[in-house]
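**Q** Please read through the structure below; I'll follow up with questions.
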Amino acid sequence: MANKEKVLLTGGSGFIGRNLLESSLSVKYELLAPSHADLDLLDDGAVAGYFSRNKIDFVVHTACKPGHRNAKDPSALFYSNTRMFFNLAANSKRYRRMLVIGSGAVYDMRHYRPKMKEEYFGEHIPEDEHGFSKYVCGRQLESAANIVDLRVFGIFGKYEDYAIRFISNMICKALFDLPLTIKQNRRFDYLRAEDLFPVIEFFLANKPAHKAYNVTPDDSIELLELARLVLKISGKSLPIEVAQPGLGLEYSGDNSRLRGEVKALAFTPVERAVKELFDWYSARKSELDKGLLLADK
């Protein structure tokens with residue numbers, strides 16, 4: 001049996017990384033997911049040394065210092081995220097391709113428009129630190145021969161932070177008979193985590209025609225509609241509280257470029273995806289901390 005191609009997976013202990021380690025990619029490829037103790041991505045010498053000691057075919061870069069409202073330490077976010085990327089990019093001759101799990105934040109959260117196309121990148125420079133770090137990395141990889149940006153908008157699934165991540169938060173509140181709270185209703189593109197992995201697999205096996213792709217489903221959905229769906233699945237009658245009236249800016253992307261290249265692209269219907277996640281949390285209710293759901297962040 002031929003040796004499997006090796007994929008360096010960064011962020012293996014994070015939400016996307018943990019799901020990816022349980023995916024079919026772990027069967028088709030040898031996934032190397034070193035811990036921070038084994039590989040400090042902020043240390044250029046450590047990164048270069050890792051590549052010199054290990055023959056790596058591909059890199060899937062999911063590591064990201066979070067800057068969300070529940071982050072333990074949001075300091076030095078720009079420095080950390082850009083340095084991790086540049087340290088990996090500096091070793092681009094030592095692997096065939098790197099797939100960066102990027103973000104719709106590169107389009108600047110102040111100027112979102114429905115179904116943004118990849119060409120919208122650069123129209124505005126993000127003001128927030130997270131978006132700006134993604135923007136700088138996105139600019140740099142445009143000139144790289146073998147680095148591709150997979151821009152994810154909303155994504156949900158197992159292992160995400162249920163204290164703040166919307167779909168998981170709604171599910172867990174329903175399980176504990178708590179009101180489902182929404183700061184403001186908005187339309188989002190929500191991608192089931194497992195639907196990202198066939199896209200990753202495709203671009204590991206095939207040379208991309210472009211430098212960046214919006215990895216997002218065909219249809220957007222309102223947060224209020226998602227909350228109602230969770231209640232329907234739970235079979236409960238609980239209040240849904242919306243703090244601010246009206247619709248906020250839509251956060252969605254056009255996936256035409258991706259669909260034009262990945263012919264077998266398919267997305268799990270949102271009803272089925274939310275039901276599967278509801279069942280996953282329901283089976284682990286005893287492991288959940290109700291206290292994390294009592295105050296909205």
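**Q** Just to be sure I understand: with springs between alpha-carbon atoms less than 10 Å apart, which residue in TYR190, TYR95, TYR120 has the highest mean-square fluctuation in the Gaussian network model of the chain?
**A** Looking only at TYR190, TYR95, TYR120, the biggest GNM fluctuation is shown by TYR120.
**Q** Moving on. Need one number: nm distance between label points at ALA37 and ARG96, each 7 Å from Cα along Cα→Cβ, rounded to one decimal.
**A** 3.3
**Q** Another question, then. At R0 = 22 Å, how high is the FRET efficiency between ASP73 and LEU294 if r is their beta carbon distance? Nearest 0.05 is fine.
**A** The pair ASP73/LEU294 has a calculated efficiency of 0.45.
**Q** Here is a further query. Using the charge dipole of the chain (Lys, Arg: +1 at Cβ; Asp, Glu: -1 at Cβ; taken about the Cα centre), state which of ILE164, PHE86, ASN3 has its Cα farthest towards the positive end.
**A** The listed residue farthest towards the positive side: ASN3.
**Q** Let me ask something else about it. Say a paramagnetic label sat at a point 7 Å from the Cα of GLU225, along Cα to Cβ; which residues of segment 174-198 have their backbone N under 16 Å from it?
**A** 185-192
**Q** While we're on this one: What is the gain in length, in nm to one decimal, between SER143 and LEU247 on full extension, counting 0.36 nm per residue of separation less the C-alpha to C-alpha distance?
**A** 33.7 nm
**Q** Something else now. Size of segment 19-178 along its principal axes in angstrom, Cα-based, largest extent first?
**A** Sorted largest first, the three principal extents are 52, 38, 31 Å.
**Q** Taking every pair of Cα atoms in the chain, average 1/r, invert it to obtain the Kirkwood radius, and report Rg/Rh to two decimals.
**A** Computed over Cα atoms, the ratio is 0.96.
**Q** Per-residue HN-Hα couplings for segment 147-155, Karplus 6.51 cos²θ - 1.76 cosθ + 1.60 at θ = phi - 60°, whole Hz, x for Gly and Pro?
**A** Values per residue, Gly and Pro as x: 10, 10, 9, 9, 8, 9, 9, x, 9 Hz.
**Q** Turning to a different aspect of this structure: Could you name the lysines in cross-link range of LYS6, using Cα to Cα under 21 Å and dropping any fewer than eight places away on the same chain?
**A** Hits, sequence-local ones excluded: LYS28, LYS55, LYS93, LYS207.
**Q** Any idea which of LEU77, VAL100, ASN54 is furthest toward the positive side of the dipole for the chain, if Lys and Arg beta-carbons carry +1 and Asp and Glu beta-carbons -1?
**A** Value: ASN54.
**Q** Further question: Compute the angle between helix 129-141 and the longest alpha-carbon principal axis of the chain, please, reported from 0 to 90 degrees and rounded to the nearest 10.
**A** Approximately 30 degrees, to the nearest 10.
**Q** Indicate the gyration tensor shape class of segment 169-297 (rounded, prolate or oblate), computed on the Cα atoms with a ≥ b ≥ c the square roots of the eigenvalues: a/c under 1.5 is rounded; otherwise a/b larger than b/c is prolate and the rest oblate.
**A** prolate
**Q** So how tilted is helix 44-53 from the main axis of the chain? Cα-based, degrees 0 to 90, rounded to 10.
**A** Here the helix axis deviates by roughly 70 degrees.
**Q** If you line up the long axis of helix 77-89 against the longest principal axis of the chain, both from Cα atoms, how many degrees apart are they, to the nearest 10?
**A** 40
**Q** If you take every DSSP beta bridge fully contained in the chain, what fraction is antiparallel? Give it as a percent rounded to 5.
**A** Here the antiparallel bridges make up roughly 5 percent for the chain.
**Q** Cβ neighbours within 10 Å, averaged per peptide: list 162-175, 15-28, 33-46, 271-284 in order, most packed at the top.
**A** Averaged packing, sorted descending, gives the order 162-175, 15-28, 271-284, 33-46.
Computed from the coordinates by the stated procedures, all read-outs in this text should not be read as laboratory data. These numbers were taken from a predicted model, which means no experiment stands behind them. Because the Cβ atoms are built from the backbone with ideal geometry, glycine has one as well, and the counts that use them run over all protein chains shown.
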